[in-house]
Amino acid sequence: MACRRRIIAPVLQAASNPGTRINSHTPGQRRLWAFRVQRRWVHEPTVSVEEFLDPLNTFYQRHVGPSEDDATHMLQSLDPPAGSLDDFISQTIPQDIRLRQPLSLPGYKKNAFDEKTGGVPESEVVRHTLAHLGQNKQVRSYIGAGYYGTFLPEVIKRNVLESPAWYTSYTPYQAEVSQGRLESLLNFQTMVTDLTALPIANASVLDEATAAAEAMTLSMNALPTARQKRGGKTFVVSHLCHPQTIAVLESRSEGFGIKIRVGDLFSEDHKLVRDQGDDLIGVLAQYPDTEGGVHPLQSLVEATHNLGATLSVATDLLALTVLKPPGEFGADIAFGSAQRFGVPMGYGGPHAAFFACSDKFKRKIPGRLVGVSKDRLGNRALRLALQTREQHIRREKATSNICTAQALLANMSAFYAVYHGPHGLRAIAEKIRTTTRFVQNHMEKHGWEVLTKGTREDGAVLFDTIVVKGTEEQVALATKNHGDNSVNLRIFTPTKLGISLDETVISRKDLRAICRLFGGRSNRAGHALDHKSWVRWKLDESEGCSVKDRTLPCNVKRTSSYLTHPVFNTYRSETDMLRYIHHLQSKDLSLVHSMIPLGSCTMKLNGTAEMLPLSREEASTMHPFAPAQQTSGYRSIVWGLSQQLSQITGMEAVSLQPNSGAQGEFTGLRVIKKYLDALNDGKTRTICLIPVSAHGTNPASAAMAGMKVVPLKCDPKTGNLDIEDLKDKCEQHKDELAAIMITYPSTFGVFEPDIKKVCSIIHEHGGQVYMDGANLNAQMGLCNPGDIGADVCHLNLHKTFCIPHGGGGPGVGPIAVKSHLAKHLPSHPFLDPHASSLGEYYKNDSPRKDQGLFLPSYNDETSILNEAGRAKAKERDPARALAISPVSATPWGSASILPISFTYNLLMGSRGLTEATKITLLNANYIMSRLKAHYPILYTNAQGRCAHEFILDARRFKGSAGIEAIDIAKRLQDYGFHAPTMSWPVTGTLMIEPTESESKAELDRFCDALINIRKEIEAVENGEKPREGNVLKMAPHNQADLMRSDWDRCYTREEAAYPLPWLREKKFWPSVCRVDDAYGDTNLFCTCTPVEGMDDASEINTPEFGTAT
């Protein structure tokens, strides 16, 4: 008995402590729980294992902000009050769409939360996720094709990738509280412009393949209008581009009516280019190409420009430290992946792609652009420039549907360049070149024929990739895994393979493991090891095997300097680097400081347990085209997450390939169009109905998918769709109707009561229903798109399923579809992303299970990208022909962050997700109820309830006080809060979404701030304060502003800095005053500001540095 009491005493003490959260929240429940535990141990002879091992610390209670007592109080405070949480939900969501059965997720075990109140312990779920990833086989991959091993410096890994101060911030639209990541993204842009020698670069795009698609559409939009409308528009692509890039180009080109011509750009004096005449919109070359060749491109530039077209170059930033940059030979656009700048391969992403162009395209460049401006005091300040280019403004006329970037990854790559500097980057590149030459010499010595073109006159490859030809026996032996020393190579055909070296080849052991694969033509299975002594001898020789000859041909050799700005030449010690990272971090407001109430953005908790797998080696080092037997851990997570999302959405099939929400929109519409075209009913269905309230990416995505956008009216009083207008448009376009795009709950923040009727009307007229899943956080466990009537929906894993926003990316936008659309989900040229078993992976794609997949170039006989290869592939696998072409570079898009959402769903369980949705809705209605006496609220349902977000109307203050929504947004920064979504979906308003993760105390602080701001507005309305120069018009206030000696304003410094008492203890200071947007756009400057007196000359080409001559 004494032993039992000693064991249970700490638990009883914790249960009686009001500050401890166990399985219950109220004091009465805690005491009851403690009594039951005591009774079991003291008065009962036995206690079951299940009872004894009930979880004490589960994730649900950590993820959800309000306690049960708080929720009860909030329900009573609603206007009108609600008797219980279930009563409140019944007043908020239409009864005809409520789930008839509780959500039931497939799980590895029965979640404890489903039976009791707690959920599954974090430690148990983390072990489970890591066990999945542990099934991956760690093999060194030298496959290349755009993905390479790299070393992420630990100081960046620990303080950026793993830091919530960096990964929980939002896109830097509120510049005054975003100066840190804006500066880092400006470093990224400067890095790209310097290395490409082009004057302007954006702050990253999704991946290299989609960057190619953006280059193609930019080339089209750069043409005169008459040429844009030509029927034969053609984009010419080198057959030596990475094959996944060619595949994505085909997917994107169809909607714009662009023909893709793939072939040899250099044969017969660029005949393929010249033959296109006025139909030519642009040309794409790879530099270095997918087989390692480096070709001079000056004559190709001239041939392209002579036809009035644009030349784009897919390139490698590390290669450009030694090779002539695209800007110097006249290229118009340069793009590629910055992955090898410190971002692990991660089974395909996410990685930051870069995009640079000539000055004439600066107002058409896709994606986000960081520019230099000034603040109210005239000090340097950064901001997102030229935002009128974005789809929110231009809608279906936008040049791109990009709504996110890869900010976190771009910041990592920028810090990698800051960490190494120009000398360090060039040293890495030279080391890779030297290692590649060594391996090439070894191959040639043992009879392999080098196939790489674009080499030095003596056949020496110029950067990191060698492609060779051998017998089938040789290739089979070289690609057969050898236990612990296994190496993955790129298999083009049964007699052709390639190897791409990287910075991770650092030791004799690494080099021996590579060289022994190419020992000689007569090698038997175990005989390659006989060359170990030869390799050791060569490595010990001081001069190596002609490696000392590292010269580059003059026509491809870089002679210009780069990265001369001090930021790339200052932070060499880890101490300095650490302080620089934290200096930038200190300028940014993120979830580590306060709630971010952005409507339609769902800034919820990104749990540490969910993030844990991200930087594990089992997840980070996997090549996206590694043999499937090595990737069983990733595949099990992909399969498990797909099943989870299928249950949550009420759909039958899922594609995880789209790597942003806008990509998900585009993918869903492409799938719909493919299905409608396959009906062969004689109708050309291209009309897409889109409400005027829709997110700006919706019409942009529809236009990209080849659809014509027809707007739908909304009721100005309720915000609901105008059903009569819908019926009229459907009848008018009944033979052309393809789809409707709807968001649910609507972007106005209400559950429309007639949503099922809307779906029925569309189906009756032959169309499909696309549901934008941006607001799925208000549906989970209570209703779902499939039951409502949607045929396809996209999901934002970076909103609803806890992948962090990363300061503007990464994002993941998978789509879920009904069964009739499943066969049209996106494919991939290398393997079937929808195969459910290992056997299906190998059925058509691999020569042997232990070798890997065929990754051919376009013209190889094994390629399914050319016409002959497609015919063979269709004959082998007819289902492949039904799928749309890929929308992202890799089969599962941003695969390395999928474990975050997979883990979140396991941690929460079915009931946990459902309860969290209820709290999401409660939090929004609680804030609305507190604020409605102070601000007009635009839309609610008939019971006075909003969904998970609502619109606060600030338009009347412009007339009464000269105050606009932007003034309220900026003043909120003085209270330590990020502004809500501003002037969308209704101009002059603020849209507020709190999420379930915020506590009642934080919600109250936010409400108190807005109520106090309303009092400040009232002071202007009453004439107590002037309409200009008041505390709102001058907001935000940084420390430098408040320290000015000449204070002559109508308010005190204390009123500016500490308008509420709690700010004295907890204050976030904006680092600049209000930024001048107009000045930044008028005086566009998008690289690091030059330093006065700085010498532009660089030392990186000096003999002391050891540059190749």
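Some notes on this structure:
- Qualifying residue in region 288-300 (condition: in a loop (DSSP other than H, G, I, E, B), open to solvent by less than 10 Å² (accessible area, probe 1.4 Å) and farther than 26 Å from Asn859 by Cα): no
- Test: residue in region 581-592 that is open to solvent by less than 10 Å² (accessible area, probe 1.4 Å), in contact (Cβ under 8 Å) with a residue 40 or more places away in the chain and of a type in the set (S, T, N, Q): yes
- Residue, least open to solvent (accessible area, probe 1.4 Å), within region 981-1013, restricted to residues that are among the hydroxyl-bearing types (Ser, Thr, Tyr) and in a loop (DSSP other than H, G, I, E, B): Thr995
- Per-region count, region 258-287, residues among the polar types (S, T, N, Q), closer than 22 Å to Phe361 by Cβ and not in a strand (DSSP E or B): 1
- Filtered residues of region 361-379 (kept if outside any strand (DSSP E or B) and either under 23 Å from Ala209 (Cα atoms) or aromatic (Phe, Trp, Tyr) (or both)): Phe361, Lys362, Arg363, Lys364, Ile365, Pro366, Gly367, Arg368, Leu369
Results for (1) modelled with pLDDT of 95 or more; (2) over 30 Å from Arg635 (Cα atoms); (3) surrounded by 24 or more Cβ atoms within 10 Å (Cβ to Cβ), shown as yes or no for each residue.
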| site | (1), (2), (3) |
| --- | --- |
| Leu689 | yes, yes, yes |
| Ser693 | no, yes, no |
| Thr697 | no, yes, yes |
| Lys727 | yes, yes, no |
| Leu737 | yes, yes, yes |
| Gly767 | yes, yes, yes |
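- Residues of region 216-273 that turn out to be of a type in the set (Gly, Ala, Ser) and open to solvent by less than 30 Å² (accessible area, probe 1.4 Å), as a count: 8
- Residue in region 831-849 that is in a loop (DSSP other than H, G, I, E, B), among the hydrophobic types (A, V, I, L, M, F, W, C) and modelled with pLDDT of 80 or more present: yes
- Out of Ala933, Ala947, Ala942, Ala924, sole residue that is of a type outside the set (D, E, K, R), outside any helix (DSSP H, G or I) and open to solvent by less than 10 Å² (accessible area, probe 1.4 Å): Ala947
- Within region 625-653, the set of residues being outside any helix (DSSP H, G or I), surrounded by 22 or more Cβ atoms within 10 Å (Cβ to Cβ) and touching a strand residue (DSSP E or B) at 6+ places or on another chain (Cβ under 6 Å) comprises Ala626, Pro627, Met651.
Residue-by-condition table, conditions (1) within 12 Å of Leu589 (Cβ to Cβ); (2) among the polar types (S, T, N, Q); (3) in contact (Cβ under 8 Å) with a residue 12 or more places away in the chain; (4) open to solvent by 10 Å² or more (accessible area, probe 1.4 Å):
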residue	(1), (2), (3), (4)
Ser169	yes, yes, yes, no
Val177	yes, no, yes, no
Arg181	yes, no, yes, no
Met191	no, no, yes, no
Pro199	no, no, yes, yes
Asn202	no, yes, yes, no
Val205	no, no, yes, no
Glu208	no, no, yes, yes
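- Lone qualifier among Thr495, Thr434, Thr455, Thr504 - being touching a strand residue (DSSP E or B) at 6+ places or on another chain (Cβ under 9 Å) and touching a residue at least 60 places away in the same chain (Cβ under 8 Å): Thr504
- Flag for Thr234 being touching a residue at least 24 places away in the same chain (Cβ under 8 Å), under 17 Å from Gly282 (Cβ atoms) and not basic (Lys, Arg): yes
- Filtering region 301-318 to residues that are in a helix (DSSP H, G or I), out of contact with any His (no Cβ under 6 Å at 6 or more places or on another chain) and surrounded by fewer than 24 Cβ atoms within 10 Å (Cβ to Cβ) leaves Val301, Glu302, His305, Asn306.
- For region 990-1027, taking the residues that are β-branched (Val, Ile, Thr) and under 20 Å from Ala933 (Cα atoms), the one that is farthest from the chain's Cα centre (by Cα) is identified as Val1020.
- Filtered by the rule that a residue be under 19 Å from Arg490 (Cβ atoms) and crowded, with 22+ Cβ neighbours inside 10 Å, region 608-624 gives Met622, His623, Pro624.
- Filter result for the condition that a residue is closer than 30 Å to His239 by Cβ, out of contact with any Pro (no Cβ under 6 Å at 6 or more places or on another chain), among the small types (Gly, Ala, Ser) and modelled with pLDDT of 75 or more, over Gly498, Gly519: Gly498
- Residues in region 484-507 that are surrounded by 19 or more Cβ atoms within 10 Å (Cβ to Cβ) and among the β-branched types (Val, Ile, Thr): Val487, Ile491, Ile499, Val505.
- Qualifying residues in region 321-337 (those that are open to solvent by 10 Å² or more (accessible area, probe 1.4 Å) and assigned to a helix (DSSP H, G or I)) - the one farthest from Ala197 (Cα to Cα): Phe329
Each row is one residue, and each column tells you yes or no for (1) free of Cβ contacts under 8 Å to residues at least 40 places away in the same chain; (2) closer than 16 Å to Ala71 by Cα.
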position	(1), (2)
Ser983	yes, no
Pro994	no, yes
Leu1003	no, yes
Cys1007	no, no
Glu1016	no, no
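- Search result, residues across region 1033-1073 that are more than 15 Å from Glu1016 (Cα to Cα), open to solvent by 40 Å² or more (accessible area, probe 1.4 Å) and touching a residue at least 24 places away in the same chain (Cβ under 8 Å): Gln1039, Ala1040, Trp1062, Lys1066, Lys1067, Trp1069, Ser1071
The values are calculated or read from the model by the stated rules, or taken from the named source; none is laboratory data. These figures come from a predicted structure and were not determined experimentally. We place every Cβ from the backbone using ideal geometry, glycine too, and count neighbours over all the protein chains shown. All accessible areas refer to the heavy atoms of the entire protein, side chains included, with ligands and DNA or RNA removed. Shrake-Rupley method; radii C 1.70, N 1.55, O 1.52, S 1.80 Å.
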